[in-house]
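Worksheet: one structure, shown below.
The values are calculated or read from the model by the stated rules, or taken from the named source; none is laboratory data. Note that the coordinates shown come from a computational prediction; the quantities given were computed from them, not determined experimentally. As a convention, Cβ positions derive from the backbone with ideal geometry for all residues, glycine included, and neighbour counts pool all protein chains shown. Heavy atoms of the whole protein, side chains included, go into the accessibility calculation; ligands, DNA and RNA do not. Shrake-Rupley method; radii C 1.70, N 1.55, O 1.52, S 1.80 Å.
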Amino acid sequence: MKFFLLLSAIGFCWAQYAPHTKTGRTSIVHLFEWRWVDIALECERYLAPKGFGGVQISPPNENVVITDPSRPWWERYQPVSYKLCTRSGNESEFKDMVTRCNNVGVRIYVDAVINHMTGSGVSAGKSSTCGSYFNPGTRDFPAVPYSGWDFNDGKCKTGNREFKSYNVAYQVRDCRLLGLLDLALEKDYVRSTIAEYLNRLIDIGVAGFRIDASKHMWPGDIKAVLDKLHNLNTSWFPEGSRPFIYQEVIDLGGETISSSEYFGNGRVTEFKYGVKLGTVLRKWSGEKMAYLKLYKMGVGFMLAHPYGFTRVMSSYHWPRYFENGKDVNDWIGPPNNNGVIKEVTINPDTTCGNGWVCEHRWRQIRNMVIFRNVVNGQPFTNWWDNGSNQVAFGRGNKGFIVFNNDDWALSATLQTGLPSGTYCDVISGEKIGDNCTGIEINVSCDGNAYFSISNSAEDPFIAIHIESKL
């Protein structure tokens, strides 16, 4: 399930934990591998009007061009330099995107790849997205510049310089990940060079950073880089605002490294939540929703529940092929013509074409982003379940949601906590003027309402909120 939550266990009033979204906007969207020109357009034509708070973008710095397989998604995570030149666009297009999105109140968050440079398996003279020369074999990246002095090869004691165990912390943090050249982040030159790159982005107007592969860096080294960062650009942010930081730390338990080690630097991407929710919705291992169709319901639950700061995934068509139980198409890059990313086209029904899926434009997900904005700050209330996979809960007196993930129909009168009236279900339709395009739900004077959801419904859940009231 391609959705995640961002959270921090401490210090929500601390500067680096604040996403700086416009008041009333509570979610961001990851426009994976989109071009900068398309993101700028999407901010203006869709994201701002529909209440999205920001966009996480793919890494904007120069990377190696991988032709075998043909331009995979992961080439973006093999840096060559910190020049702003990728298949998503050039520096001028990047600046234009940041300005236009900020001007309509949609913030830009950069996926920052600072743990490593491209891998030892890439040959010298391989092409790059800006044309810069590099030689991983000699650890030479003159466009930065980095040399052999700037990598951790001397600290890694595994023999082949690759980490071998997730249960040996120094290996995870000082050795190479999948052959990628591990930067020596304890050195002030490396810290300052990375900070210079991030500060350039801050000065352009970005609001914060996802720190890629944070688990593979010492928390103190990350902090040393963050301490060098500028305040945000006052053209769009209050004076003294600090960049929003969220770190990728895959912590599913059972390893020596814990996500809590990183809480002092900012928020952390919560992988346990998505894994647990996916297990429950699929009913694996005897799990039930009461202990807490599938993708939309999962995103719907995430957006309705008050936990964390939410990010919605939006991507492209990804054909999957399995051999011996293994997905052999795990490398697919974005829709392209000879390596040039295709334009995100918009169909008459507002969905996307040209190979782009645009999950954030699906009615169910778009309307649940609005639901989350409406119920922001309201308590978690009026939980109900049938002891199995039918559950419901409210958000104060602002919203209520009901799920049926059982193999039989749901039929129940439930306390919603909402004022009396007729509400439009925002999953099957929405409120247009004085009418509902989908299901109508009548809430009585005592706050109760009757819900009927077939187990065979296209979307077996219903959501209502105060702004969907007729």
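Residues in region 349-381 that are open to solvent by less than 60 Å² (accessible area, probe 1.4 Å) and assigned to a strand (DSSP E or B): Cys352, Gly353, Trp356, Thr381. Here Gly333 fulfils each of the conditions (1) in a loop (DSSP other than H, G, I, E, B); (2) in contact with a helix residue (DSSP H, G or I) (Cβ under 7 Å, 6 or more places away or on another chain); (3) modelled with pLDDT under 90; (4) not acidic (Asp, Glu) apart from (3). Of all residues in region 397-419, those that are over 19 Å from Tyr295 (Cα atoms), assigned to a loop (DSSP other than H, G, I, E, B) and either open to solvent by less than 10 Å² (accessible area, probe 1.4 Å) or out of contact with any Ser or Thr (no Cβ under 6 Å at 6 or more places or on another chain) (or both) total 6. Working carefully through the options Ser120, Ser127, Ser165, find the one that is within 31 Å of the chain's Cα centre (by Cα), under 30 Å from Glu42 (Cβ atoms) and of a type outside the set (Asp, Glu). Step by step, each of Ser120, Ser127, Ser165 is checked, and only Ser127 is within 31 Å of the chain's Cα centre (by Cα), under 30 Å from Glu42 (Cβ atoms) and of a type outside the set (Asp, Glu).
Remark: pairs (first residue in region 16-40, charged (D, E, K, R) and outside any loop (DSSP other than H, G, I, E, B); second residue at pLDDT 95 or above and open to solvent by less than 20 Å² (accessible area, probe 1.4 Å); Cβ separation under 6 Å; 6+ apart in sequence or on different chains) = Asp38/Val344.
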